[in-house]
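Note sheet for the following structure.
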Amino acid sequence: MTNNNNKRKVFVIEDNKTEGMLLKLCLESIRNITISNFVLGQELLNHIDERPDIIVVDLMLPDIHGYELIKKINEKYPEIPVIACSAQRDINLVAKLQELGVFNYVVKSESCIEYLQKVIEDLLMLIEKKEENDIHI
């Protein structure tokens, strides 16, 4: 779903303002997207009816755990792809997130922003193909 200026909407929730700013700066280099940053899960949920094309979720948030936030997103809009991004390396948590159907789990590191950029670019291509051919991701 593109908005009227033909750009894809990406929501990023990251409570660390510095990391959020870095993510936004890096991801803005991707063509044809707009980034909306959120610090609290409730802020993102208040805007979920804007129907972003992709949501990037940090797991450790001040008001809600990212796992619970992803569940709420999935309850309302299961078709929106979610990418989890966290420093946590708990394999059980990753398995639980996969059960929720997250598109990808990115472990925060020095190179994660580059990797996340690539994941979003790939996902945008899949969304385009899905819309062209009416397939499911």
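The table below gives the values:
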item	result
Output for segment 81-137, where each listed residue is among the charged types (D, E, K, R) and in contact with a strand residue (DSSP E or B) (Cβ under 7 Å, 6 or more places away or on another chain)	ARG89, LYS108
Strands (runs of 3 or more DSSP E) lying entirely in segment 35-115 (those with 2 or more residues that are in contact (Cβ under 8 Å) with a residue 24 or more places away in the chain)	54-58, 82-86
Any hit, segment 42-55, residues being closer than 21 Å to GLU121 by Cα and among the basic types (Lys, Arg)	yes
Qualifying residue in segment 17-27 (condition: surrounded by fewer than 18 Cβ atoms within 10 Å (Cβ to Cβ) and in a loop (DSSP other than H, G, I, E, B))	no
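Values in this text are rule-based calculations from the coordinates and carry no lab data. Note that the structure is a prediction, hence the values are computed from the model and not measured. Reconstructed Cβ throughout: ideal geometry from the backbone, glycine too, with neighbour counts over all protein chains shown.
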